[in-house]
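Trainee: Submitted below is the structure of interest, expressed as structure tokens.
All of the numbers you see were taken from the coordinates with simple rules; none came from a lab. What you see is a predicted model, and the numbers here were worked out from it, not measured in a lab. Positions of Cβ are generated from backbone atoms using ideal geometry, with glycine treated the same way; all protein chains shown enter the neighbour counts.
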Amino acid sequence: MNKPTRFDANSPEARDIAHHLHPYTNPGLLKETGPQIINSGDGIYVTDNDGKTFIEGMSGLWCASLGFGEKELVDAAVNQLRKLPFYHSFTGKTVNPAIDLAEALIRIAPEGLDKVFFCNSGSEANDTAIKMVWYYHAAMGKPEKKKVISRKRGYHGVTIAAASLTALAYAQDGFGLPLDFALHTSSPHYFQDARDGESELEFSRRLGEELEAMIMAEGADHIGAFIAEPLMGAGGVIMPPQGYFDVIQPILKKHDILLIADEVICGFGRTGNMWGSETFGLAPDILTCAKALSSAYLPISAVMVSGQVAQGVEEQANRLGQFGHGYTYSAHPVPAAVALRTMELMEERQIIPHVREVAPHFAERVARLGRFNCVGHTRAIGLIGAMEFVAQPQSRIKHDPAVKFAAQVMKLAHEEGVILRALPCDAIGFCPPLIITPQQIDDMFDRIEAMMPKADALSRELA
Ligand SMILES: Cc1ncc(COP(=O)(O)O)c(C=O)c1O
């Protein structure tokens, strides 16, 4: 039974509270605050039901890469809806946009990846990748290679397998997760976790040793894959420290462990290259992507696999009679058409060169936030960055997590008209649409800087 709230019973807020169970939301709090109802969008801006316009400093959920008003993507969807609003790709059927999109993705994929499987979300892509790992190793006569290693603070989604790999308490608590196929090794968060005096390279080597010890303890013949975001997004925009992937990858190779690069945030230009794998030197066997694949206009994700994995999967499928996996909406023609147009627009508008051009200015504006006392660390690459908070200047001492400092700063930014996101290591992420101009970067960070003295005052009060 829904109790009355302070909102008028017929208001959209009250109706939302009454019947909509929100993802990643505290329902009790929502009853007090009410939802913020976003009504329209254009470029880097969104406008809510009260008519207030905000800079969307997170591209929604790290996804609306071409902004919120790209008519070309709307046209691509409408044209495809008129021609063929749905068809599936089971039992050997397919649709033209899926053929074109698969080809376009493989053309831009990191070397060695040559087949694509389509899903609807990042979570589904990662679940699919895990099933492919299991299928592949079984085909190779190693069905025991079932465990998958992810990193603490890694975010890989919320379906049961993906959530088991998402090594963040908020995604596992209360669900009895992780399932026991999932193992978690340390995250490469140098600022937070390096020992005093330890260099980045030493830190990377130590994490490599820890990983190898875990592999030896479990038995390499039980470990099928290692999954990593090239840079960890939702866990805190954590950059791999120097040498990290150079240390990790030979260990995986040595033990016949596949590398899954989760490019759900990093893919399609976010770090200044098409793939985070390019930026940080990963050579994945499997790559998952979603979000900016369609600039988030329609749900679609993809799993790209190497020739070797594809061959293993096909052999196993031939043996069993079919590849027994697929979603009703795998390779749905409408999101596929929108994704294809997104890829074309990235090329026509030279989005990646644009990201590279504005990235130094973005990095400089992020770095400038480091002069505020409550900021312990700043980081940025391409058009993604973060500021991480500390309770005492020039230290790594954190506020009590219960005070949710980053969330309070996020609210201050909201009051200045910038939507940002509080992240688990008491950080705030920045991830604006890739079309942002230098002037808009200034506008966004001017507003953030305007509220930072309040954040400093709050930090002093709470410390
Ligand atoms: C790196 C990464 N992987 C997977 C996912 C899950 O994607 P989805 O929410 O589309 O299931 C996310 C979502 O933020 C993500 O950031």
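Trainee: Classify the range 42-170 as rounded, prolate or oblate from the Cα gyration tensor: take a ≥ b ≥ c as the square roots of its eigenvalues, call it rounded if a/c is under 1.5, otherwise prolate when a/b beats b/c and oblate if not.
Mentor: Numbers: a/c = 2.47, a/b = 1.32, b/c = 1.87.
It is oblate, given that a/c is not under 1.5 and a/b is not larger than b/c.
Trainee: Moving on to the next point. Can you tell me, using C-alpha contacts under 8 Å and at least 6 residues apart, the relative contact order of the range 94-169 as a whole percent?
Mentor: On the way: 67 pairs, mean separation 17.0, N = 76.
Over the range 94-169, the number comes to 22 percent.
Trainee: For the ranges 274-281, 332-339, what's the packing order if you count other beta-carbon atoms within 10 Å of each residue, average per peptide, and put the highest first?
Mentor: Values: 274-281: 21.5, 332-339: 27.1.
Listed from highest to lowest mean packing, they are 332-339, 274-281.
Trainee: Here's a follow-up. Between residue 454 and residue 361, what length comes free when the chain is fully extended (0.36 nm per residue of separation minus the Cα-Cα distance, one decimal in nm)? Kindly include the intermediate steps, with their values, before the conclusion.
Mentor: Values: separation 93, 0.36 × 93 = 33.48 nm, distance 2.45 nm.
Result for the pair: 31.0 nm of gain on full extension.
Trainee: How high is the relative contact order of the range 1-112, in percent, with contacts defined as C-alpha pairs under 8 Å that are six or more residues apart?
Mentor: Numbers: 73 pairs, mean separation 14.5, N = 112.
With pairs under 8 Å counted, the relative contact order is 13 percent.
Trainee: What is the distance in Å between the Cα centres of the range 147-172 and the range 442-463?
Mentor: Here the answer is 32 Å between Cα centres.
Trainee: Next question, about the same structure. Could you grab the relative contact order for the chain? Cα pairs under 8 Å, six or more apart, rounded to a whole percent. Display every interim value, and only then the final one.
Mentor: Values: 912 pairs, mean separation 90.4, N = 463.
It comes to 20 percent, rounded to a whole number.
Trainee: Give the cross-link partners of residue 146 among the lysines, using a straight C-alpha distance below 27 Å as the criterion and excluding same-chain residues fewer than 8 apart.
Mentor: Candidates past the 8-residue exclusion: 115, 131, 253, 254.
Trainee: Let me know the Kirkwood hydrodynamic radius for the range 59-127, please, with Cα pairs as the basis and the value in Å to one decimal. Don't jump to the answer; show the numbers that get you there.
Mentor: Values: mean 1/r = 0.0690 Å⁻¹.
Value: 14.5 Å, from the Cα pair sum.
Trainee: Given a Förster distance of 35 angstrom, what is the FRET efficiency for residue 394 paired with residue 443, based on the Cβ-Cβ distance and rounded to 0.05?
Mentor: Details: r = 30 Å, r/R0 = 0.85.
Efficiency at R0 = 35 Å is approximately 0.70.
Trainee: Please list the three semi-axes, largest first and in whole Å, of the ellipsoid equivalent to the range 72-348, using sqrt of 5 times the eigenvalues of its alpha carbon gyration tensor.
Mentor: Values: eigenvalues 197, 96, 53 Å².
Computed over the range 72-348, the values are 31, 22, 16 Å.
Trainee: Using alpha carbon centroids, what distance separates the range 12-58 and the range 323-402, in Å?
Mentor: 22 Å
Trainee: Taking a point 7 angstrom from the Cα of residue 407 along the C-beta vector, which residues in the range 1-44 have backbone N less than 16 Å away?
Mentor: Label zone hits: 22-36.
Trainee: Going highest first, how would you order 15-27, 43-55 by mean Cβ packing within 10 Å? Mind showing how you got there, number by number?
Mentor: Details: 15-27: 11.4, 43-55: 16.2.
The most tightly packed comes first, giving 43-55, 15-27.
Trainee: Let me know the Kirkwood hydrodynamic radius for the range 143-266, please, with Cα pairs as the basis and the value in Å to one decimal. The partial results should precede the final answer.
Mentor: Numbers: mean 1/r = 0.0685 Å⁻¹.
So the Kirkwood estimate lands at 14.6 Å.
Trainee: Based only on Cα atoms, what Rg/Rh ratio does the chain have, Rh being taken as Kirkwood's radius?
Mentor: Over the Cα atoms of the chain, Rg/Rh equals 0.96.
Trainee: Separate question: Using the Kirkwood radius built from alpha carbon pairs, what does the Stokes-Einstein equation give as D for the range 330-393 at 20 °C and 1.002 mPa s, in µm² per second? Walk me through the intermediate numbers first.
Mentor: Values: Rh = 14.2 Å.
The calculation lands on 151 µm²/s.
Trainee: Follow-up. Check the straight Cα-Cα distances from residue 145 and name the aspartates and glutamates below 12 Å, setting aside those fewer than 8 residues away within the same chain.
Mentor: Those aspartates and glutamates meeting the cut-off are 218, 221, 256.
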